[in-house]
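Colleague: Below you will find the structure I want to go over with you.
Each value in this text was obtained by applying a stated rule to the coordinates, not by laboratory testing. Because the structure is a prediction, the values reported are computed rather than measured. All Cβ positions, glycine included, derive from the backbone under ideal geometry; neighbour counts span all protein chains shown.
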Amino acid sequence: MMPKREYKVSYISSEAIFAVPAMKPSKVILAMLLCFTLMLSDIYFGASSKIRTYAHDVFMPLSTLVNLPLNLISKSGDVFKTRYTLRKELDEFRIENKKLRVTNQFLEKVSKENEELNRLWSSARLNLNNYSLVKKRTISSNEFQPLLIVDISSDSSIDLNDSLITDKGLIGRVIASSKYSAEVMLLHDVRSFVPVISEKSKLHANIKGGGLGRSGKLQYVKKTAAYELGEKVYSSGIADTFPEGVYVGEIVSIKDLSDSEFLEVEISFLQSPLNQDFYFVYENE
Amino acid sequence: MNRESKNQFLIYLTLCLSLLLDVYVFPVSFMAIKPSLVLLVLIYWNMALPDRVGIAAALLFGTLIDLLEGSLLGLHGTLFLLITYMCQRFFYQFRVSGLWQQSIIIFFLCILYKQILALDLLNVNESQTNLSDVLYFTHSLLFALFSALLWSPVLLILRYYRRRWIKI
């Protein structure tokens, strides 16, 4: 028997009119009120940052599901091979040269990974005990507030506001952490502020992020400031959030707008570190 | 497992898979313009089986995306809810349209979706709005274009899946 909500009865003929009704507006309004409550709780109490990292921990095992089809496809090729081809392949595998080549390739890969790790370690100029190595898990597609999620070990002492650094420079800071993951606010984030000092003019300022793929901007720079194009800026260490002297970016544009009382100075952040897998977390003292 | 539960499970399975694909697979350079598979799958199920997918699915997957993507909690929920309501309200008209007509509707829906997503609700990006930001507007157009192009394959695959596995 069909449930009552799936049809209406005609008042004229008393026959069933089969139609699926749309959602009730009252229910939609109630659900929207719930959403607005969630938004307000996030804006005023930061609700999402408290539970987000735990959500990432819960979803970690499910990410293996994504790789499962790819693994199956790569292995399913063997099923369709003929016996002759398989025998030929078997013979090939018996050749010692092949084995050595495979071993060499493996060693080459290991050495490349080691090289990347060594480069990271050699870039550590501060107290080595304050560094811990983390691996990238994912980065969100949120353009203005991009979040980098990194894997951390359960016994790590990573805390809020610890800085994320690569061999090339500063990446961001930790804004939430759970047992197995930490959430990093990138320098590109529109909520991000970094106190910096310029390389040549030695001027202090704050950089505000502008979103992924966009330049950051120096805040409240006097028109008399003598910045130069191409000048590099480093973290100044003021406010003790970021370590001092880490490369942040480079000045790419200086505009003196007539309708503004400040200079508009744009900074290009590092783009390539987002494509790498390992980072340092510098734990603040 | 009875038939109804099995159907619900199969529908939510597609939504879960699309969520995982959305979150984990694509490279950084493609992130800003990659189509939202969850959105497309949700639209499909609202169009194909409006009585099986509703407020709960929209809220659940919206909140999950908010948690995984780092957007304001409840924002995706609201958007998914509105899209679900629109789809259910107009699914008779939507379902009988041609594929290209549906793609055009998806295109405009996705532009709206992307623009609403960029609303500065936290008041942190005072220097620009999402319409004056040319890069973001271009990304919105590309996002909508890719979503519109992806709509046909998504619809055909899910239609086959529904006919093959989901027995009403």
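Colleague: Where does the range B:3-165 land on Rg(C-alpha)/(2.2 N^0.38 Å)?
Modeller: Compared with the compact-globule rule of thumb, the range B:3-165 sits at 1.03.
Colleague: In the structure shown, do any of A:223/B:114; A:88/A:109; A:27/B:6; A:168/A:200; A:200/A:255; A:202/B:114 have a Cα-Cα gap over 29 Å, and if so which?
Modeller: A:223/B:114; A:202/B:114
Colleague: Sort A:254, A:139 so the one with the fewest other Cβ atoms within 10 Å of its own Cβ comes first.
Modeller: A:254, A:139
Colleague: Quick check on the exposure proxy: order B:66, B:133, A:256 from fewest to most C-beta atoms within 10 angstrom.
Modeller: By the 10 Å Cβ count, ascending, the order reads A:256, B:133, B:66.
Colleague: Which whole-percent values make up P(r) of the range A:175-274 when all C-alpha to C-alpha distances are grouped in 10 Å steps starting at zero?
Modeller: P(r) over the range A:175-274, rounded to whole percents: 16, 47, 28, 7, 2, 0.
Colleague: Is there a quick way to get the dipole size of chain B? I mean about its Cα centre, with the Cβ of Lys and Arg at +1 and of Asp and Glu at -1; what is the value in debye to the nearest 20? Don't skip to the answer; put the middle values down first.
Modeller: Values: 12 positive and 8 negative charges, 220 e Å.
With Lys and Arg at +1 and Asp and Glu at -1, about 1060 debye.
Colleague: If you take each beta carbon of peptide B:74-80 and count the beta carbons of other chains within 10 angstrom, what is the mean?
Modeller: For this peptide, the per-residue mean of nearby foreign Cβ atoms is 5.
Colleague: Continuing with this model, one more query. Net charge near residue A:56, counting Lys/Arg +1 and Asp/Glu -1 over other residues with Cβ under 14 Å of its Cβ?
Modeller: +1
Colleague: Read phi for every residue in the range A:144-157 and hand back ³J(HN,Hα) as whole Hz from Karplus 6.51 cos²θ - 1.76 cosθ + 1.60, θ = phi - 60°, with x for Gly and Pro.
Modeller: 8, 10, x, 10, 9, 9, 10, 7, 10, 7, 5, 9, 6, 9
Colleague: Quick one: Karplus J couplings for the range A:51-61, per residue in order, coefficients 6.51, -1.76, 1.60, θ = phi - 60°, nearest Hz, x for Gly and Pro?
Modeller: Values per residue, Gly and Pro as x: 10, 5, 5, 5, 4, 5, 4, 5, 7, 4, x Hz.
Colleague: Lys/Arg Cβ at +1, Asp/Glu Cβ at -1, dipole of the range A:124-285 taken about the Cα centre: which of A:201, A:142, A:252 is farthest positive-ward?
Modeller: A:252
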